[in-house]
Amino acid sequence: MSYELAWNKYGVISNFSGEIDSAEVSNCDQEIFVDERFSHCKFFIYDFSKADLSNVTLGDTHRLGANDVTRADLNKKMKGALVSDDELTSQICDQYVKYCKAVKISWEVRRFKCIESAHLWATS
């Protein structure tokens, strides 16, 4: 497993590290969304600042986004923050954000360059 989950009263932070592919992100998604705490979450943060997403494609971001559209029905009022600080990872995260906006997912999703900014926004 290339991620660790940290739950708190209002949400969950997923810290990714090493080489990550879409299956790894999907596994993390699944672990979060089947947890009973998910229905009460106000935010999720996926921190990719220590991850290599070079194996994730544009098609992967669309598939992940499509899965999240369905999951958003279980918790409509949630913020999602993606953290990335390098060009490639930022492009991949931006594609996911763009897809979510295009399909009008009920979540508000944004990308940030650091975990502190993501956390501040997600908990506001």
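With K and R counted +1 and D and E -1, the other residues having a Cβ less than 11 Å from that of LYS79 yield a net charge of +2.
Remark: for residue pairs LYS9/LYS113; LYS76/LYS104; LYS79/LYS104, the C-alpha separation exceeds 19 Å in LYS9/LYS113. Quarter the surface of the alpha carbon convex hull of the chain and you get the mean projected area, 6.4 square nanometres.
Per-residue ellipticity at 222 nm computed for the chain from its helices equals -13000 deg cm²/dmol, with DSSP H segments shorter than 4 residues left out and the rest contributing -39,500 (n - 2.57).
Residue ranges 96-107, 40-51 sort as 40-51, 96-107 when ordered by packing (mean number of other C-beta atoms within 10 Å per residue, highest first). Here is the size of segment 1-73 from its Cα atoms: Rg then Dmax, 12.1, 33 Å.
Shape index of segment 56-124: Rg/Rh, with Rg the Cα radius of gyration and Rh the Kirkwood radius from the inverse mean 1/r over Cα pairs, equals 0.96.
We did not get these values from a lab; they are worked out from the coordinates using the rules stated. Quantities reported herein were computed from a predicted structural model and do not represent experimental measurements. Here the Cβ is made from the backbone with ideal geometry for all residues, glycine too, and neighbour counts use every protein chain on show.
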